[in-house]
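Structure first, commentary second.
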Amino acid sequence: MRVMSYNIHRGFGARDGKYRPRRVIDVIEAHNPDIVCLQEVALKTKQVSYDDQPAMLARELHFEHVIFQGNRHLKEGVWGNMLLSRWPITQSHRISLTLKWRKARGAILAVVETPEGPLHVVNWHLGLSARERLWQTRHLLGHPLYGEAAHLPTLLIGDSNDWRNRLWIEILSNHHFEIHTRPVSRYRTYPSTIPMGSLDKVFCLGKMHIKACSVVRDKLAKAASDHLPLLVDMHLQSDDGAPATNHSQPDPQAS
């Protein structure tokens, strides 16, 4: 199965600054993911001409199972995180990760019934301050709603804003998560035009096998948003450690 994480910058290109959501849709379609975790999705804000981006993305990408989480509320509209799945979502929660006066942040928690078994997916977007991110991570892991599905294979993914992998070093490794976006030099996603920061991360916990994890670096991805997307090809594993199914997809192509 294939998972994509992508901060779409509300559909504004990094190079030209123009609002062109079709470019984002084309980037996602080109890689045919089964689960898509998006950050900075706008809903009826003036900046995006009052478009309903969650409805637009679900319709254009042909996903039936969708969750939107509005985090930052403006005078008109809201923007936040979004999760799209080809398979049913049997459980979902929206958790606030907002710390006091800082910009509103959040995480979508979903249990996706994949053909290989249930997968706990956490799509988050963290803050700009290191102290804020450490608090957000501890808050998430200690939240009772996270604990409801913590026994399942868990994919923690999204825009962490963590340049130096402090979250994994100081917290997530102690909770037995594995990181699949290191070394930093191989997973630079921001800014898309000249990637310098490895901000978008993939962490895994439980019985799963990550076949490949890569950054999409093609021309369209560099133009569509200020972040480059991450692709993860993976399988869940049975109790004996073998893949839960023989179905697979080719490794993602990162040019």
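The values are calculated or read from the model by the stated rules, or taken from the named source; none is laboratory data. If you're wondering where the values come from, they're calculated on a predicted model, not measured in any experiment. We work out accessible area using only protein heavy atoms, side chains counted, and drop any ligands, DNA or RNA first. Shrake-Rupley method; radii C 1.70, N 1.55, O 1.52, S 1.80 Å.
With 0.36 nm allotted per residue and the present C-alpha distance subtracted, the residue 171-residue 75 stretch has 30.9 nm of extension available.
Mind checking the full-extension length gain between residue 50 and residue 32? Use 0.36 nm per residue of separation minus the Cα-Cα distance, one decimal, nm.
Here the segment from residue 50 to residue 32 would lengthen by 3.8 nm.
In the context of the full set of protein chains, residues of the range 35-150 present 44 Å² of accessible surface per residue (probe radius 1.4 Å, heavy atoms only). Computed in the context of the full set of protein chains, the accessible area of the range 148-240 at 1.4 Å probe radius has 52% of its extent on carbon or sulfur.
A full extension of the chain between residue 138 and residue 64 corresponds to an added length of 23.4 nm, given 0.36 nm per residue minus the alpha carbon distance. List the lysines whose Cα sits under 26 Å from the Cα of residue 211, skipping any in the same chain fewer than 8 residues away. Counting by Cα, and skipping residues close in sequence, residue 211 has these lysines nearby: 201, 219, 222. Note on the range 23-130: with neighbouring protein chains present and a 1.4 Å probe, carbon and sulfur make up 49 percent of its accessible heavy-atom surface.
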